[in-house]
Structure formats: structure tokens, C-alpha cells
Amino acid sequence: MSDKQYYETEVVFPHPAIVEYPHVLSVDKQNGKYACTFLIDKDTEEGKETLKANTQAILNAVKRGFAEGTFKANGVDPNADDFDQKARDFMRSSGFYLPLKDGEAKAEKTPEFAGRYYVKAISKPTDAHPNVPAVDMQRKPLTSATLYSGALAKAKIWYAPYSNTNGMGVTATLVAIVKTGDGERLAGSGPSDPLDGFGLPDGPATADDPFAGIV
């Protein structure tokens, strides 16, 4: 068993997920952190691959927890042949926090969670990483108009084990977001263009004279 697998806890989504509740361009005023939730389809092949990639990274974080001493449990030995299965059983134990959750529990109040898993990833600003890179496929920075609930994006998430007085589990740290496409806007996400509704022509202004057509 290679020690390397314990540290492969960072994942880049192989396929886009649906963005929900993005607080990426500025921190959430309630907690001073960046955050974003990603909805992943249960039944599509793309969704299954993305779920598998995230689940494997979470399992690796659990293994890392045992390898480095964050987690300790009777009968769980990182050097034993049954370590993989014991780590899987441990991460399913009652009270163990997993960041990847079934959306059905939220579906009654928030229908877009139905038929999907979700993961909420959080990032606290530091001197070394003051923000979360959020760009499109051409590396163009995203704005509040282009990154919205319902947009399609890939994420890079780093999973890490923790154990403290509040319990044990795995955290999900948001590293970066790359928007891959537009999707149907979810309830409460607001209009894509703040100037919608004024009857203005499409596209940017083209006249050099600010008074053209008026005087």
C-alpha cells in the first residue's frame, strides 16, 4: 500500500456541476468566508463520474486521517490489508461529518436539490490565498452577472480530515472555480443583466457622442 494515496485529497471535477449559493467574488458577510455549493446529478454518467471522484478524494482524506494520527479507532490499522474497507466503514459511522450529502433532504424546500448530491466548499481568506480564483474557460474573471445560481462550473476542492471537541469528519476547502457554461437560473439568483427592463439596445454603447440622437 503506497503512502501517496493518503495525500491525494484534492479533486478537480471531471464534469461540470450546477452552482448554487455562490459567495466567491466576495466573502459571506455572516462568516467572513468564501463559499459555494455544487449540485451533482445522481443518475447521469457525468454526474456519477464526478461523484466517484469526490468520494474517492474524501476516502483518501479519511485514510490520511488515520495515517497521520488525526483519527484513531480500534481495529483500524493503516498497514493492514483490510484498511481500505475499515476506512470506508469508519466514514459511514454515526456522527462522522461528510461534506458530500444527499440532496433529497433539502428537496421539499429547495426543489433543485432533488435527484442530486451536493457539496458545500468553503475557503477562509489568508495572506497566501486572499481569494478564490473564479474564471471562465478563457481565464476571464467572473462577475456577479456571470457566476450565479444555476451556472455550470467545475471546481477544485481540497478535502482534509479533522478531529476536535465538536466531532470528527472531513472538511471541503474551495480552491478554484472554472465556469464552463450557462444554465437555467435558479430561484433567487437575480437577473443576468442589471440593466434588463430599461428597453436599452443589446450590447455596449457604440456612439462616441454621448448626446447623439438627443440634441
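The values are calculated or read from the model by the stated rules, or taken from the named source; none is laboratory data. Because the structure is predicted, anything quoted here is derived from the model rather than measured. We work out accessible area using only protein heavy atoms, side chains counted, and drop any ligands, DNA or RNA first. Shrake-Rupley method; radii C 1.70, N 1.55, O 1.52, S 1.80 Å.
Summarised in one figure, the compactness ratio Rg/Rh of segment 97-164, Cα atoms and Kirkwood Rh, is 1.01.
With the other protein chains left in place, how much accessible area per residue, in square angstrom, belongs to segment 131-187 at a 1.4 angstrom probe?
Numbers: 2960 Å² over 57 residues.
With the other protein chains kept in place, segment 131-187 gives 52 Å² per residue.
Here, segment 1-159 yields an orientationally averaged convex hull projection of 11.4 nm² when only Cα atoms define the hull.
Ligands, DNA and RNA excluded, the heavy atoms of residue 82 present near 70 Å² of accessible surface to a 1.4 Å solvent probe. Under the criterion of Cα pairs below 8 Å and six or more residues apart, the relative contact order for segment 85-145 equals 20 percent. Distance from the Cα centroid of segment 84-156 to that of segment 17-41 is 8 Å (rounded to whole angstrom). At the residue level, residue 45 shows approximately 120 square angstrom of accessible surface with a 1.4 angstrom probe and all protein chains present.
Estimated at the nearest 10 Å², the accessible area of residue 15 is 40 Å² with a 1.4 Å probe. Pairwise Cα distances in segment 1-94 exceed 19 Å in 55 percent of cases. Of the cross-linked pairs 140/179; 106/154; 42/101; 52/156, those separated by over 19 Å at the C-alpha level are 106/154.
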